[in-house]
Amino acid sequence: MSDMPPADPVPTREQRVLRAFVEMADTLVDDYDVVELLHNLAEHCVELLGATAAGLMLADLRGGLQVVASSDESTRLLELFQLQTDQGPCLDAYRTGDVVVVRDLNAVVGQWPAFATEAIAEGFHSVQAVPLRLRRQVIGALNLFGHDDGPVNPENLDIARALADTATIGILQERTIRHGEVVTEQLQHALTSRIAIEQAKGVLSQAGSIPMDEAFNRMRRYARSHGQRLSTIAENIARNVLDPADVLAYPLTPPTPSA
């Protein structure tokens, strides 16, 4: 009798779909790579949902679309072709925020002449485009291509939309965190600058035997006249890079023009 442990059972399709959702949801709690996430999404749509091929476009911070993932190289080139010709279902889904369903590409040659002709030449018969959307914010689109066996069925299309929605939430969360880090850095810089300003005010007040308000006003006047940031002047004073006497010697108000 063999002592080998029994082989793990092959996961059912339902289990694999569930794992795909878990994988997408992991972006909400773990560090991750956006490109890898979207490549996995494209692969899930082909392996689990009946799409022949899949491609993904993502908007950059300036709103321009970029091809970031595809299930194969030919699909990546077809996605790039959409961008080059500025036509196709992915662009329409991104611009409108609505799902685009084309059951027969021959019927839309007039709508997207270059794209439809190229897609048909690649052997595709149908295409569905799902926006990567959270409420009114659209950050990209997912393209699902089909051969002669037709488009992804409605149930699987719903799953694709749900996977895309989950990925979208993860991507937007990362962007928010990054933006938050920038805001935090800006806030920290402001706090640090404020400390330097208070120190410089004290130095000027003592050096010139003047009130703190006047020291602050003289420092502001000096900074503006020299086209520099107040925080830079303050830091230079506090670090003894700038002689307080130079700032104190500068007139508090501009000289009155002679008649």
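A few notes on this one:
- Every condition in (1) at pLDDT 90 or above; (2) not assigned by TED's automatic domain parsing to the domain that holds residue 200 is met by residue 242 except one, and the failing one is (2).
- Flag if residue 35 is loosely packed, with under 15 Cβ neighbours inside 10 Å and assigned to a helix (DSSP H, G or I): yes
- Boolean, residue 193 is on the phi < 0 side of the Ramachandran plot, modelled with pLDDT of 75 or more, in contact with a helix residue (DSSP H, G or I) (Cβ under 7 Å, 6 or more places away or on another chain) and of a type in the set (S, T, N, Q): no
- Every residue from the stretch 80-135 that is of a type in the set (Phe, Trp, Tyr) and assigned to a helix (DSSP H, G or I): 81, 94, 115
- Scanning the stretch 79-99 for residues being closer than 19 Å to residue 125 by Cβ and small (Gly, Ala, Ser) gives a total of 2.
- Residues in the stretch 102-118 include none that are in contact (Cβ under 8 Å) with a residue 60 or more places away in the chain, within 27 Å of residue 34 (Cβ to Cβ) and among the hydrophobic types (A, V, I, L, M, F, W, C).
- Top-ranked residue in the stretch 117-147 [being over 29 Å from the mean Cα position of the chain (by Cα) and of a type in the set (A, V, I, L, M); ranked as surrounded by the most Cβ atoms within 10 Å (Cβ to Cβ)]: 120
- Condition broken by residue 122, with the remaining ones in (1) out of contact with any Phe, Trp or Tyr (no Cβ under 9 Å at 6 or more places or on another chain); (2) without any contact (Cβ under 8 Å) to a residue 60 or more places away in the chain satisfied: (1)
- Taking first residues from the stretch 63-81 that are under 18 Å from residue 41 (Cα atoms) and partners that are assigned to a helix (DSSP H, G or I) and basic (Lys, Arg), the Cβ contacts under 9 Å between residues at least 6 apart in sequence or on separate chains come to 67/76; 69/76; 70/76.
The values are calculated or read from the model by the stated rules, or taken from the named source; none is laboratory data. Nothing here was measured: the structure is a model prediction, and the numbers come from that model. Cβ: placed from backbone, ideal geometry, glycine included. Neighbour counts: every protein chain shown.
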